[in-house]
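Peer 1: Sending over a structure as structure tokens; questions will come in a sec.
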Amino acid sequence: MKKKVLIIGSGLGGLTTALRLASDGYEVEIVEKYHQAGGRLNQLQKDGFKWDMAPTFFSMSFEFKEFADYVGIDMPFEFIELDPLYQVNFAGSDKFYTVYKDLKKLAEEFKDLEPDFERRMQQYLKSAATIYHDTEYRIVKKNFTSLTDYLLQLTRVPIRNAPKMLRTIWKEMEKYFTSYEVKVIFSLVAFFLGATPFDTPAVFSMLTYTELVHDGYYNVRGGMYKIVEGLLDEMKKQNIRIHYDTEIVDYLEGKDGLRGFIDQKGEIWKADLFVVNSDAAWFRGQIFNRKGYTENKLDRKKWTLGPFTMYLGIKGKLDHIHHHNYFLGNNFQEYASKIFKNSIGLEKPYYYLNMPSRHNPDTAPEGHEALFILCPVPDLRYKPDWSDREELANNIISDLSQRIGYDIQSNLVSKTIYDPVNWKNMFNLYKGSGLGLAHDLNQVGGFRPNNRDEKFGNVYYVGSSTVPGTGLPMAVISSKLVTQRINHEQKSVYKKQSANQ
């Protein structure tokens, strides 16, 4: 008889875990708080426009290919490789710096700022490649049974990487580059982790390697939500059911572990095994009431920045604007060091602009553009009041209009704003933190909430706040790790039970 697995949450980690486990012979069912699947990898449709709600591109496409091979399916969506990758504009300048994968094109772009750019970047990428390949299977793609197990595994990482654990990405940049603009642009990868280059360890310089050399960046034909739609189609073939508008609020304990979860209507959801695709730290505190995860203790942890997002539909075409764009000021270090704790004003915010209609015309009516704007902001610990959200939105729209030479406000036909309160309520993001726990050295690997529950032997976790960390490819790797763990441990349990009979 098949063992039944109940998955709480249908983010990318939950969906890929469901398909992996189904292919391994488990019966799988999912409950989801939101009205549609995807978690933060979601879609908003309004006024004839479509926007990806959060992730707009991804790297490490080979992790998706590994997943498809594991479950024995053709890739259920089509990749679009991005090159150029993105553009960056600094306040007060008409110059847009274009980031290419081709190193010679890249060197030409920055020749006036960093005359020896190509040699310097080659050295930086060589160093970043070393840390990536030295940790890929020792740390990133590995389960840890305990903190001791993790620390032991760290000793197997070549000692040449140790200095990168002690300095930040910004300090690593200063070793190789002299230009302020170059250091800023290539340290933006820290923001993909929901942090800044001044508090992110240099080990994550490996992201620049994945960005420029080891695979690059991708979008999906038809929009990023096609990933979710493709996975849902595969789940139908496997008879995996999802129950929407179902929020878990309590649990039911049994003699030998967890018996079930209780939803907001009082219904009990039972299974043999449970995989939680909600935030692994928040869930332990909010649902299981664990002493190690009280609100006071969670508040003392380092969390990623909150998302302030806008979804705009405008009349007219912006043919001169790239698919992915960063609009920055000239006080990068001050802004980055103060934005976390809301100690700097948001009159001149830093933000990211995605124009999905550039590659996917069906996201906007003919003669229109769809614009997605993300502004990293303090989470609700530091800025609980968002009554000024319209003011921030207007600041961004005004600034963007000036920089691109187009009056957005006068041509606006659709506008939706989500602040950290909205994100918290939609997806149970702790204090509105966009990407879960930050990646400080004391919050990675074995220091991160484990993907197996410390009390219930039949409860597991997948997603951004457990191993290996945040990001779409990390969610896919997380599903691989938790599946490996379930298969290994449940096989051991079965052997033990058989021996006792």
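The values are calculated or read from the model by the stated rules, or taken from the named source; none is laboratory data. This is a predicted model, so every value here is computed, not measured. When we count neighbours, we look across all protein chains shown, and the Cβ atoms used for this are built from the backbone with ideal geometry, even at glycine.
Peer 1: Would you point out the residue of the range 401-429, among those that are of a type in the set (Ser, Thr, Tyr) and more than 14 Å from Ile321 (Cβ to Cβ), that is surrounded by the fewest Cβ atoms within 10 Å (Cβ to Cβ)?
Peer 2: Initial filter on the range 401-429 (of a type in the set (Ser, Thr, Tyr)): 401, 406, 410, 414, 416, 418.
The next check asks that each one be more than 14 Å from Ile321 (Cβ to Cβ); those that pass are 410, 414, 416, 418.
Details: Ser410: 10, Ser414: 19, Thr416: 16, Tyr418: 20.
Once the filter is applied, the top-ranked residue is Ser410.
Peer 1: A follow-up question, please. Consider Asp399 carefully, then state whether it is in contact with a helix residue (DSSP H, G or I) (Cβ under 8 Å, 6 or more places away or on another chain) and in contact (Cβ under 8 Å) with a residue 40 or more places away in the chain.
Peer 2: Working: in contact with a helix residue (DSSP H, G or I) (Cβ under 8 Å, 6 or more places away or on another chain): no; in contact (Cβ under 8 Å) with a residue 40 or more places away in the chain: yes.
It is false that Asp399 is in contact with a helix residue (DSSP H, G or I) (Cβ under 8 Å, 6 or more places away or on another chain) and in contact (Cβ under 8 Å) with a residue 40 or more places away in the chain.
Peer 1: Still on this structure, please answer the following. Among the residues that make up the range 26-44, is at least one of them free of Cβ contacts under 8 Å to residues at least 40 places away in the same chain and over 23 Å from Ser278 (Cβ atoms)? Steps first, please.
Peer 2: Within the range 26-44, the first condition is being free of Cβ contacts under 8 Å to residues at least 40 places away in the same chain, and the residues that meet it are 27.
When the remaining residues are screened for being over 23 Å from Ser278 (Cβ atoms), the result is none.
Scanning the range 26-44, I find no residue that is free of Cβ contacts under 8 Å to residues at least 40 places away in the same chain and over 23 Å from Ser278 (Cβ atoms), so the answer is no.
Peer 1: Give the range 342-367 a look and list any residue that's over 20 Å from Ile396 (Cβ atoms), at pLDDT 90 or above and surrounded by fewer than 21 Cβ atoms within 10 Å (Cβ to Cβ), or say none.
Peer 2: Pro361, Asp362, Pro365, Glu366, Gly367
Peer 1: Just for the range 444-465: of the residues that are more than 16 Å from the chain's Cα centre (by Cα) and polar (S, T, N, Q), which one is nearest to Met165 (Cα to Cα)?
Peer 2: Selected residue: Asn450.
Peer 1: Further, regarding this structure: So which residues in the range 246-282 are modelled with pLDDT under 95 and either part of a strand (DSSP E or B) or within 29 Å of the chain's Cα centre (by Cα) (or both), if there are any at all? Give the steps one after another, and end with the answer.
Peer 2: Filtering the range 246-282 for residues modelled with pLDDT under 95 gives 254-257.
Within the range 246-282, Gly254, Gly257 meet the criteria.
Peer 1: Hey, can you tell me all the residues within the range 181-218 that are touching an Asp or Glu at 6+ places or on another chain (Cβ under 9 Å), in a loop (DSSP other than H, G, I, E, B) and under 19 Å from Asn442 (Cα atoms)?
Peer 2: Within the range 181-218, Ala195, Pro197, Asp199, Thr200 meet the criteria.
Peer 1: Among Glu63, Glu78, which is under 30 Å from Val220 (Cβ atoms), of a type in the set (D, E, K, R), at pLDDT 95 or above and crowded, with 20+ Cβ neighbours inside 10 Å? So that I can check it myself, show each step before the final result.
Peer 2: Working: Glu78 fails: crowded, with 20+ Cβ neighbours inside 10 Å.
Among Glu63, Glu78, only Glu63 is under 30 Å from Val220 (Cβ atoms), of a type in the set (D, E, K, R), at pLDDT 95 or above and crowded, with 20+ Cβ neighbours inside 10 Å.
Peer 1: What about Val213, is it more than 23 Å from the chain's Cα centre (by Cα), surrounded by 15 or more Cβ atoms within 10 Å (Cβ to Cβ) and either of a type in the set (A, V, I, L, M, F, W, C) or within 24 Å of Leu113 (Cα to Cα) (or both)? Explain how you work it out, then say what you get.
Peer 2: Numbers: more than 23 Å from the chain's Cα centre (by Cα): no; surrounded by 15 or more Cβ atoms within 10 Å (Cβ to Cβ): yes; either of a type in the set (A, V, I, L, M, F, W, C) or within 24 Å of Leu113 (Cα to Cα) (or both): yes.
Considered against the rule, which asks whether it is more than 23 Å from the chain's Cα centre (by Cα), surrounded by 15 or more Cβ atoms within 10 Å (Cβ to Cβ) and either of a type in the set (A, V, I, L, M, F, W, C) or within 24 Å of Leu113 (Cα to Cα) (or both), Val213 comes out as no.
Peer 1: Considering only residues that are farther than 18 Å from Val71 by Cβ, under 14 Å from the mean Cα position of the chain (by Cα) and not polar (S, T, N, Q), which ones fall in the range 466-492?
Peer 2: Val467, Pro468, Gly469, Gly471, Met474
Peer 1: Only residues that are in a loop (DSSP other than H, G, I, E, B) and within 18 Å of Tyr132 (Cα to Cα): list them for the range 146-180, please.
Peer 2: So the first thing to find is which residues in the range 146-180 are in a loop (DSSP other than H, G, I, E, B), and the list is 146, 155-158, 167, 177-179.
Within the range 146-180, Thr155, Arg156, Val157, Pro158, Arg167 qualify.
Peer 1: Show the residue pairs that are 6+ apart or on different chains and have beta-carbon atoms under 6 Å apart, the first residue being within the range 110-121 and within 19 Å of Phe90 (Cα to Cα), the second being among the aromatic types (Phe, Trp, Tyr) and outside any loop (DSSP other than H, G, I, E, B).
Peer 2: Final answer for the pair search is Phe110/Phe117.
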